[in-house]
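None of the figures in this text is laboratory data; all of them are computed from the coordinates on show. Because the structure is a prediction, the values reported are computed rather than measured. Quick reminder, even Gly has a Cβ in these numbers, built from the backbone with ideal geometry, and neighbours come from all protein chains shown.
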Protein chains: 4
Amino acid sequence: MARQDFSFFHTLRVRWAEVDMQAIVFNGHYLTYFDVAFTEYWREAGLPGALLQAEGGCEMFARKATIEYLAPARFDDVLDIGVRCAAFGRSSVRFVIEIFRGDAHLISGELTYVYADTSIRKGVPLPQEWRERLARIEKIAPGAT
Amino acid sequence: MARQDFSFFHTLRVRWAEVDMQAIVFNGHYLTYFDVAFTEYWREAGLPGALLQAEGGCEMFARKATIEYLAPARFDDVLDIGVRCAAFGRSSVRFVIEIFRGDAHLISGELTYVYADTSIRKGVPLPQEWRERLARIEKIAPGAT
Amino acid sequence: MARQDFSFFHTLRVRWAEVDMQAIVFNGHYLTYFDVAFTEYWREAGLPGALLQAEGGCEMFARKATIEYLAPARFDDVLDIGVRCAAFGRSSVRFVIEIFRGDAHLISGELTYVYADTSIRKGVPLPQEWRERLARIEKIAPGAT
Amino acid sequence: MARQDFSFFHTLRVRWAEVDMQAIVFNGHYLTYFDVAFTEYWREAGLPGALLQAEGGCEMFARKATIEYLAPARFDDVLDIGVRCAAFGRSSVRFVIEIFRGDAHLISGELTYVYADTSIRKGVPLPQEWRERLARIEKIAPGAT
C-alpha cells in the first residue's frame, strides 16, 4: 500500500537504545513501533487502551505478525507509521501497518489480533460498536478476515 | 513442524521485564528470542557472530519475519527454541523457528535473512563453506529459497 | 528539585511494552526515558546526537546512574522529563533528571557521563563550545563536577 | 566488593539486541541483568518469583537503584552477576550487585526494594522466614538498612 491509502499515521523518533551494532533498528523493535501506533489508532477511534481491556474480561491478543524489512531505520530517524484496519471479522481483526521515513518506504507489516475471553482464552464476538468506530476513521471499509 | 524435526534447540527462561500487563510475553520479544537462538545456532555450526560480521564487509540483514502466536509464554517459563535452516539460497537463507514449553507448542515463526555487502546493501553470494556447515547440523538438508 | 528548576522538559507517553505484570513501568526502562530526554536536551542545545559522535573519535559514555523510584508510572501515562546539567567538569558532565506526571513527582535521577577517546576509552577535555551552549539553555549555571 | 565476597552468581550472555551503536551494552539494560540475577537469587533462597507475589497482596517494589559503569560489556560476552543481600530491614532490603567478565569488574550496583501492600503501596514488614532463608545463602550476614 502507498502512503495515501492510510487515513491514520502515528509519528515517532527512533531511540538510541533501539539501534544495534549494525547502526540500524533491531528487527524486533518494529513490533514495539507497531504496538505504539496501534494504541494511538484505537485512541483516534475513541477506544483508548484502558477501555479495550475493560469490556467484561475480554482482551485483544496478537495471533499473527508479519514484517517485511525493505530498508532500515536509523538512530534519530522520524518515522511515520500508517495503520489501516484491513479486515474486521467476528472475533479477529487484521491491521496493515507500514512505516515511512519521508517518502522512503521502510517496513510493511500485518498484525492479526483475536478478541478473547481472558479466562478461557477463546475468541468471542468483537463489539459491534468497535466496527462502527473503525469504519468512521477508515477511507476504505475493512473487509472480512 | 514437530519437536523431533529440529536438530537444534536453545533453551532460555522468560525474564520479568519481558512480560506485560496481560501476564504474557509481549509479542515483540519473541523476535529477540529468535535472535538469541539464531546466534546459538550459528555458534553450533562453528560460525560465531563475530565471524559472521567479519567476512569482507558483508553482513546478514533480516528481510522478513513471520510469527504465529499459538499460546502465550509466561514469566519464568523455560522455553525450548528450535531452529532449522529451511532454505539456503544464493544470497538469502530462511529459518523456521518454533518455541515449545515442554510439550506445548507456543510459537511458530520464520525468518529470512539476506547476506549483503554493507556498503551497498545489496545481496552477495553466501559463502559455500556456510552451506556445508549448516548441512552438517541439520537432519533434513535445507532446500533452495 | 522542583518542576520550576528545570529549563528543559521532554514529554513522552508510556508504551504498553514498558509496563510489567505489576501494571507499572519496569524499573530499568526509566534509563531509556532518561536517554531519550538526554538526546532531546542536546538537540535543544544545538548539539544533536550525530554531532556528538563525530568530534574526532570521542564519545560520551555513561559513568554513573542513580534512580529513585518515588511513585510508579503506568501504561499510557504522559510523562514530563526534566533535564538539567548540574555540573560541567573537565571531561565529565552530570545531569539531574526528574520525571513528573502532571504535578506528581515520580522519579529522581542523576546521570554522569564521561567524554572519552573511543580508541583508548580515556577521558578527554569536553569542548569549550559545549559548555557555552549548555549554559545558554540553563537557568542555573552548571557547577563543577 | 571482590568476586570472593559473593556467595551467589548468575551467569548470562549478552544478546545482540542489548548492544548499541557504540558496540557496548546500552546503559539501561544492566538493570534488566540485575533483575534476572535477582530472580535467580530468590529462587536459590527457596523463594521463587511466583511465591514472592502471592503473600497476601504484598509485592516488592524497586525504591532506589545505583549503577557504576566501570568498563563496558560487549556482544556475546559471558557475564557473571554477583548478588549479595547487604541489608535486610523491617520492610526494605538492599542488594549489592556486581558484574564480572572473567576477572574484569565491569559494573557495581545497588538495588533497594520495599515490600509493600499493593492496594495502599505502603511498606509492610518483610516475612521473618525470608530473612532466615537469605541468611542461609549469605557468607556475610545482611546488616540493617
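Quick one: among D:135, D:116, D:23, which has the greatest mean-square fluctuation in a GNM of chain D with alpha-carbon springs under 10 angstrom?
The residue that fluctuates most here is D:23.
Under 8 Å for C-alpha pairs, at least 6 residues apart: give me the relative contact order for chain B, rounded to a whole percent.
That works out to 29 percent.
With label points built 7 Å along Cα→Cβ from the Cα atoms of residue D:2 and residue A:5, find their separation and express it in nm.
Each label point is offset 7 Å from its Cα along the Cβ direction, giving 6.6 nm.
Can you check what the net charge comes to around residue D:10, using other residues whose Cβ is under 11 Å from the Cβ of residue D:10 (Lys, Arg +1; Asp, Glu -1)?
-2
Enumerate the residues in region A:67-82 having an amide nitrogen under 19 Å from the point lying 7 Å beyond the Cα of residue C:133 toward its Cβ.
A:75-78, by backbone N distance to the label point.
In cubic angstrom, how much convex hull volume per residue do the alpha carbon atoms of region A:57-126 span? Don't jump to the answer; show the numbers that get you there.
Numbers: hull volume 6.9 nm³, N = 70.
Roughly 98 Å³ of hull volume per residue.
Excluding residue C:83 itself, calculate the net charge of residues whose Cβ lies under 13 Å from the Cβ of residue C:83, where each Lys or Arg counts +1 and each Asp or Glu counts -1.
Taking every Cβ under 13 Å from that of residue C:83, the sum is -3.
GNM on chain C, C-alpha springs below 10 Å: top fluctuator among C:130, C:16, C:42?
C:16
Is it possible to state the helix-based mean residue ellipticity at 222 nm for the protein assembly as shown, with each DSSP H run of 4+ residues giving -39500 (n - 2.57), the sum divided by total residues, to the nearest 500 deg cm²/dmol? What is it?
Taking each H run of at least 4 residues, the total per residue is -6500 deg cm²/dmol.
Given that compact globular proteins tend to follow 2.2 N^0.38 Å, what is the ratio of the alpha-carbon Rg of chain B to that value?
1.07
Name the residue, out of D:66, D:112, D:32, whose mean-square fluctuation peaks in a Gaussian network model built on chain D with Cα pairs under 10 Å.
In this elastic network of chain D, the residue with the biggest mean-square fluctuation among D:66, D:112, D:32 is D:32.
Please state the equivalent ellipsoid semi-axes for the protein assembly as shown: what are the square roots of 5 times the Cα gyration tensor eigenvalues, largest first, in whole Å?
The three semi-axes for the protein assembly as shown are 35, 29, 29 Å.
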